[in-house]
Amino acid sequence: MHISDVTLVNYRNFSQSKFNFKKGINTIIGENGSGKTNLFRAIRLLLDNSLYSSAYKLDEGDFNRSLEDWRGHWIIIAIKFEDISNEEALQALFSHHVGVVEDPLHITTATYNLFFRPKVDIRYRLSELEEGDIDGLNAILDEIDIDENYETVFYGKSSVDFSDPEVYKNLVGDFDKVIFPATFDASLHGVWVPNQLSVAKEISFTFIQALRDVVADFNNNRTNPLLTLLKNKSGEIEKAEFDPIAKMVKKLNNGIESLKDVQTIRADIKSTIKAAVGETYSPSSLSIRSNLSEDAGKLLQSLKLFISEPDEDHEGAIHELSLGGANLIFLTLKLLEYKYRKDKGTFANFLIIEEPEAHIHTHIQKTLFDKLDYSDTQIIYSTHSTYISEVSDVSNINILAKKRNFAEVYQPANGLAKDGIKQIQRYLDAVRSNLLFAKGIVLVEGDAEEILIPLMIKKVLGVSLDELGISLINIGSTGFANVAQLFHELRIRRNCSIVTDLDSSFFDTTLEDTDSDKIKLLKIKSINSEKSGSIRKISLDELAVGNDYLSVFYARTTFEVEFVQAGNSSEVANLVDSIYKSGTKQKQAIKELSSDDISLFGRRVLIMANNVGKGWFAIMLGEYITAGTIIPDYILKAVLFAKPSFSRILIVNVISFRINFYEGFEDDLTIDFSEVKKGLISYFVEEIDIPALEKMLKKVIPNDQIIDFLNSI
């Protein structure tokens, strides 16, 4: 039996979200604040039998903030189980309360739901309202007190998708139209499950929280995992085995009590009391006793763990370990706690691990979770770690994306054929999985783009790709389709730009009889490259058709040629002396790079790049990228597509950076930015819009790239 779906409606930062899980190991990926902890809390409310009863009393803060008013709405947490075994006891439990009856002889799927809803009197009054009676609705909602008028109940046997807005309206009501149901359709929405039949009592569920302050957890008797293990084992100790130890403890207590100094203190206390208050008010008896427990459970709890770091002989207490060492021990003990619970023979086993990577070396992360695979156990863990993600099966990944007041859930393998999933898995294993974490993606085909695009954005716009939440991924070829298919309405709903070259010829490729063999080879190579570029464009354009999350941006020729053509010949000219030692060649190269003829400067920049290697050429060129460098238009548009929205403060910062660039020229006092600066303040407080700001900038720097930037966002 395993969890196949978890649906969250109106719970914390989840408005209407659905997670899909598989047997074995499942991974939750998401940035800080995206809701990983909230998801695990929701699962625990249904499956963790160790939670205090107060945990089930939700409050206003548990409602999703996208609701205009939480009053009257429901929080729904729904879990669906699949592959339920045909064990008689399990079948009996599920057939009566949570099983979805498809075959009366064998329940294979079941649902278990938590509803946090208004009590019956509020629901009845809402159902009595006339359609469209907004005033009546508001009057009832205004009276609702969450402590007095809400309840937490458990249901099973539901057969609907609670993340469907229409299902929610049928169950809860339509607040806009003021239509509320008078009856509860048990055939769709489920039947009540009494507390004594809780699924949580019949399964093994272990939750390992994020490793944030392990030393404090070890010092707390309630959270110390060693004490939990010892308590569980203390009840299994045979009486005959422990009796000799109990006798030794009793003898030790007597020995401590009979010490001369202890008896002297006892006598001094008695005499001092009598001297102070007299015989009448003195205690009738007084003793000092050693209180070492003779109970197995309490005695075992006095044990402490001492450990040595790898390759060290000294054994120290937990607080002496490194953070990584302490976290690894804590995680190990929690895994052992899980094993002990599993050994008790429950119907199903679930292990939930929250962000286990804290302070743990990357090799340990990958090794640990590559081996973390227990039979008959479903494991769900959350992570920020790209190293752990690399060893995760892409079919078993859920990605959380933080939006304003809510989070979205993506399944990157959704709707893909097995071959497509294998291709993505191989790529993530072989390269890196940080594209799963990014807010936007730019895919490039070579080293030059990988090296220079981040530099140009930082130098020209004043913000890094990391600040924009964009991952730039070097595919190392033109095979973009395998990775690009991840970004789709059905899978990861984040913008992905493909940046590639069309390799169009920039010189006359007509073959002449007078051409030398070298020139003929060059022309033939250029013709073939142009044909390949045309075929590639057709293929990529077809890939992007109908996909709002994917767009392709083409260099008409190659990156190096487009860079010079954009107006950056002086940057490349700075490398001439490093690449050519001959004065004659240096002069010729400078002349060609300064030409307006693309056949001259295009050929020269490619000769220079090929001479030292395109990757090394890009590294050398990077030293001369400045705020005055011009970003080729197709690259700027690709980056801006990958980030579809900019905050006002980010736009203000970019414009301010460009202004500072111009004001850095002390000898140029002809540009007056005073009106633009006032406009920035007006824009920031939402008094004017981007077109108004753009108009101001055109008056003072009409040809600056900031105009293209504003036109593209």
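The values are calculated or read from the model by the stated rules, or taken from the named source; none is laboratory data. Remember, it's a predicted structure, so these values are computed and weren't measured experimentally. Ideal geometry is used to build each Cβ from the backbone, glycine not excepted, and the neighbour counts take in all protein chains shown.
Residue-by-condition table, conditions (1) at positive phi; (2) among the polar types (S, T, N, Q); (3) surrounded by 15 or more Cβ atoms within 10 Å (Cβ to Cβ); (4) touching a residue at least 40 places away in the same chain (Cβ under 8 Å):
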{"residue": "R125", "(1), (2), (3), (4)": "no, no, yes, no"}
{"residue": "L137", "(1), (2), (3), (4)": "no, no, yes, yes"}
{"residue": "E143", "(1), (2), (3), (4)": "no, no, no, no"}
{"residue": "G156", "(1), (2), (3), (4)": "no, no, yes, yes"}
{"residue": "V160", "(1), (2), (3), (4)": "no, no, yes, no"}
{"residue": "V167", "(1), (2), (3), (4)": "no, no, yes, no"}
{"residue": "D174", "(1), (2), (3), (4)": "no, no, yes, no"}
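Only one residue in G479, G446 is of a type in the set (G, A, S), surrounded by fewer than 20 Cβ atoms within 10 Å (Cβ to Cβ) and in the same structural domain as I630 (by TED's automatic domain parsing), so which one is that? Walk me through it before giving the result.
Numbers: G446 fails: surrounded by fewer than 20 Cβ atoms within 10 Å (Cβ to Cβ).
Residue meeting the stated conditions: G479.
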Only one residue in S293, S284 is of a type in the set (S, T, Y), closer than 30 Å to L226 by Cα and assigned by TED's automatic domain parsing to the domain that holds L328, so which one is that?
-> S293
Among residues of segment 653-690 being more than 35 Å from the chain's Cα centre (by Cα) and aromatic (F, W, Y), the residue surrounded by the fewest Cβ atoms within 10 Å (Cβ to Cβ) is F665
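Residue-by-condition table, conditions (1) farther than 25 Å from I424 by Cβ; (2) in contact (Cβ under 8 Å) with a residue 12 or more places away in the chain:
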residue	(1), (2)
E445	no, yes
I453	no, yes
V463	yes, yes
L468	no, yes
S477	no, yes
D513	yes, no
D517	yes, no
S539	no, yes
E542	no, no
Taking the options V576, V572, V561, name whichever one is in contact with a strand residue (DSSP E or B) (Cβ under 9 Å, 6 or more places away or on another chain), under 29 Å from K523 (Cα atoms) and among the hydrophobic types (A, V, I, L, M, F, W, C).
-> V561
Given (1) in the same structural domain as P454 (by TED's automatic domain parsing); (2) at pLDDT below 95; (3) of a type outside the set (D, E, K, R), number of the condition T626 does not satisfy | (2)
(1) farther than 30 Å from I179 by Cα; (2) modelled with pLDDT under 85: which one isn't true of F81, the others all being true?
-> (2)
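Do we find a residue being surrounded by 13 or more Cβ atoms within 10 Å (Cβ to Cβ) and either acidic (D, E) or touching a Phe, Trp or Tyr at 6+ places or on another chain (Cβ under 7 Å) (or both) anywhere in segment 505-514?
Checked against the condition, which is being surrounded by 13 or more Cβ atoms within 10 Å (Cβ to Cβ) and either acidic (D, E) or touching a Phe, Trp or Tyr at 6+ places or on another chain (Cβ under 7 Å) (or both), segment 505-514 yields no hits at all.
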Here the residues within segment 398-449 that are within 21 Å of the chain's Cα centre (by Cα), assigned to a loop (DSSP other than H, G, I, E, B) and either within 18 Å of C496 (Cα to Cα) or modelled with pLDDT of 90 or more (or both) are Q411, P412, A413, N414, V431, R432, S433, F437, A438, K439
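Out of the residues in segment 528-545 meeting the condition of being aliphatic (A, V, I, L, M) and either in contact with a Gly (Cβ under 6 Å, 6 or more places away or on another chain) or exposed (fewer than 14 other Cβ atoms within 10 Å of the Cβ) (or both), tell me which one is farthest from I607 (Cα to Cα). Break it down stepwise before answering.
Applying the first criterion (aliphatic (A, V, I, L, M)) to segment 528-545 yields 535, 538, 540, 543-545.
So of that shortlist, the ones also either in contact with a Gly (Cβ under 6 Å, 6 or more places away or on another chain) or exposed (fewer than 14 other Cβ atoms within 10 Å of the Cβ) (or both) come out as 535, 538, 545.
Working: I535: 26, I538: 29, V545: 36 Å.
Looking at the filtered set, the residue picked out is V545.
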Of the residues that sit in segment 544-577 and are without any contact (Cβ under 8 Å) to a residue 60 or more places away in the chain and out of contact with any helix residue (DSSP H, G or I) (no Cβ under 9 Å at 6 or more places or on another chain), which one is farthest from G622 (Cα to Cα)?
-> G546
Scan segment 248-259 and give yes if some residue there is of a type in the set (S, T, Y), at pLDDT 80 or above and not in a loop (DSSP other than H, G, I, E, B), otherwise no.
-> no
Failed item in (1) part of a loop (DSSP other than H, G, I, E, B); (2) aliphatic (A, V, I, L, M); (3) within 43 Å of the chain's Cα centre (by Cα), with L540 passing the rest = (1)
Of (1) touching a helix residue (DSSP H, G or I) at 6+ places or on another chain (Cβ under 6 Å); (2) farther than 23 Å from L621 by Cβ, K537 satisfies every one except (1)
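Given L137, L188, L141, which one is under 30 Å from I107 (Cα atoms) and aliphatic (A, V, I, L, M)? First the steps, then the outcome.
Working: L137 fails: under 30 Å from I107 (Cα atoms); L141 fails: under 30 Å from I107 (Cα atoms).
Result of the check over L137, L188, L141: L188.
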Could you list, in sequence order, all residues of segment 85-126 that are closer than 20 Å to D161 by Cα and at pLDDT 70 or above?
-> I107, T108, T109, A110, T111, Y112, N113, L114, F115, F116, R117
Is it the case that D135 is in the same structural domain as I76 (by TED's automatic domain parsing) and assigned to a loop (DSSP other than H, G, I, E, B)?
-> no
